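Note sheet for the following structure.
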């Protein structure tokens with residue numbers, strides 16, 4: 001097991017090296033990506049500023065809590081982008097054009113290969129800045145945030161990223177059945193929007209769904225709760241269970257999809 | 001037996017639609033599916049170290065067969081066993097010994113030098129440093145691309161790119177190499193370099209090669225044995241030379257007489273053999289046995305200035321074969 005982890009870690013570092021080498025080929029593209037992220041985060045911040053000009057809180061999220069929630073949302077986005085973003089986005093094209101062929105013939109776990117092979121290296125800079133901002137914001141928010149909150153947040157945050165990956169990846173895998181599902185990228189983007197709002201703005205069955213079968217609240221809201229409110233171990237364990245289920249489902253969908261893969265003609 | 005393929009069949013479910021907007025609407029609401037049989041009952045056995053060519057027109061099933069052999073596609077029926085492995089289980093031990101090069105697909109990263117993609121493959125195949133350096137140096141020198149190693153792939157010519165693809169595929173010294181149209185679109189020099197390389201690699205490492213190509217010259221120069229596919233069916237499995245002889249048993253003799261030769265004797269041969277004489281050069285296109293008989297009669301009376309036996313152009317022979325293969329087999 002240790003050998004396998006070591007092997008895949010080495011492999012990921014090789015992916016990272018090649019991605020960095022590629023990204024640095026095009027200076028303006030590299031810098032431009034940083035700007036686009038900033039514009040996107042700015043527009044989301046503006047949206048909530050407008051809301052808070054009319055109300056004092058969103059459920060149990062105060063204005064300051066929502067700002068920290070937003071930082072967590074941005075961080076989720078950039079970390080997701082760093083590891084998976086360029087890869088899940090390309091699944092459709094690879095299946096349609098048969099580019100999956102050469103990837104499937106490598107003596108490496110194909111799911112690992114397709115999920116990690118391109119690293120969006122520029123997201124590393126955004127992530128580092130956001131982590132620094134998050135620490136500063138939580139420090140200013142309340143002195144009651146302790147190490148226990150940070151540990152719970154860390155695990156919850158990682159699981160949130162994995163859930164996000166599973167949802168995007170499973171949607172992308174629909175291409176195996178529909179032969180071309182370029183609309184999947186948009187569909188995923190629309191669904192993921194629900195993770196970019198604090199869970200407390202929803203109520204009733206839909207809110208329950210966001211914590212279970214459509215677990216968008218587990219992507220950013222739950223990590224934010226672990227950080228800002230009293231850590232809830234039951235919620236964290238539920239998140240772990242849903243992460244395991246989502247990962248298992250993603251593996252099943254991928255394996256079933258591969259059986260449908262008919263590789264584009266030469 | 002290294003490769004054993006038994007009764008291999010592959011069908012694809014496809015929908016058909018008539019042309020035009022009306023056809024598009026009709027197909028959108030009421031899609032008519034049909035089964036397309038890409039391969040029908042293919043059986044073949046291949047020994048380790050053989051170079052086998054797969055010949056066939058577009059859509060004959062060549063690439064489908066290659067993809068079934070490496071495990072990219074699952075067969076509808078039948079079985080493929082390669083070195084004891086079932087390819088579509090894609091076991092890592094099996095994949096470590098296989099390489100595929102597809103003329104129209106690339107594994108190299110487009111925007112960075114090929115040498116960086118090679119390093120990635122080193123990690124993927126877990127190749128030791130010494131073995132990696134040794135193999136890389138050998139392949140780079142054989143394919144004559146040392147000065148291109150640090151050039152971004154997007155800046156390479158098609159031929160250089162194909163050579164780099166081949167290097168990337170062979171770094172782990174696979175024992176089975178599948179080349180699907182490896183010389184597609186390449187100039188004659190690059191084509192010849194790749195053919196030469198395949199022969200060298202095969203003889204040095206006893207690697208098994210399965211090659212598809214539209215260029216009959218590729219097959220002629222690299223493969224002794226060929227499998228011919230026609231509309232998904234196997235119509236020939238045997239020596240390439242035997243196939244050519246079966247299609248066109250004739251060869252050409254070009255016999256140049258010495259200066260001042262009295263050609264009266266030739267008239268006595270006219271009628272028995274078909275030939276033409278032009279500027280003291282006799283040319284005859286006949287089956288080999290008749291050609292030998294004619295030559296021995298000529299040599300009884302004349303000492304030639306020069307003479308040669310020529311095979312008829314293989315491309316033309318194969319073209320006429322594919323027009324109506326049933327006439328020849």
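What the table shows:
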| item | result |
| --- | --- |
| Angstrom value of the Kirkwood radius, inverse mean 1/r, which spans all Cα pairs in chain B | 23.0 |
| Angle between chain B longest axis and helix B:314-323 axis [Cα atoms, degrees, rounded to 10] | 70 |
| Average projection area in nm² (convex hull over Cα atoms of region B:157-236, one quarter of hull surface) | 5.6 |
| Per-residue average of Cβ from other chains inside 10 Å of A:104-113 | 5 |
| Kirkwood hydrodynamic radius over Cα pairs of region B:249-311, then Stokes diffusion coefficient at 25 °C and 0.890 mPa s, in µm²/s | 210 |
| Packing-based ranking, highest mean first, of A:187-194, A:99-106, B:11-18 given that Cβ atoms within 10 Å are counted | A:99-106, A:187-194, B:11-18 |
| Relative contact order of region B:249-311, pairs being alpha-carbon contacts under 8 Å that are 6 or more residues apart, as % | 57 |
| Test item: A:97-103 mean partner chain Cβ contacts at 10 Å | 5 |
| Mean Cβ count within 10 Å, highest first, over the residues of peptides B:138-144, B:187-193 | B:138-144, B:187-193 |
| Degrees separating the helix A:2-23 axis from the principal Cα axis of chain A, which is the longest one | 90 |
| Structure-based [θ]222 nm, chain B - -39500 (n - 2.57) summed over DSSP H runs of at least 4, per residue, nearest 500 | -11500 deg cm²/dmol |
| DSSP-defined beta bridges in the protein assembly as shown - what % are antiparallel, rounded to 5 | 70 |
| Highest average packing first - B:240-249, A:43-52, Cβ atoms within 10 Å | B:240-249, A:43-52 |
| Cα shape, region B:183-325, gyration tensor, a/c 1.5 rule | prolate |
| Semi-axis lengths (Å, descending) of the ellipsoid that matches the C-alpha gyration tensor of chain A | 33, 21, 19 |
| At 1.002 mPa s and 20 °C, Stokes diffusion of the protein assembly as shown via Kirkwood alpha-carbon radius, µm² per second | 75 |
| Angle in degrees between helix A:233-260 and the longest Cα principal axis of chain A, rounded to the nearest 10 | 20 |
| Max mean-square fluctuation residue, GNM over chain B, Cα-Cα springs under 10 Å, options B:124, B:51, B:82 | B:124 |
| Euclidean distance of C-alpha centroids, region A:3-23 and region A:33-55, integer Å | 34 |
| Proxy reagent accessibility, fewest Cβ within 10 Å first, across A:177, B:109 | A:177, B:109 |
| Other protein chain Cβ atoms within 10 Å, averaged over every residue that makes up B:99-108 | 3 |
| Value of [θ]222 nm, deg cm²/dmol, for chain A, DSSP H segments ≥ 4, -39500 (n - 2.57) each, nearest 500 | -23000 deg cm²/dmol |
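Bear in mind these aren't lab numbers, they're just calculated from the coordinates by the rules spelled out. What you see is a predicted model; the values in this text were computed from it and never measured. We place every Cβ from the backbone using ideal geometry, glycine too, and count neighbours over all the protein chains shown.
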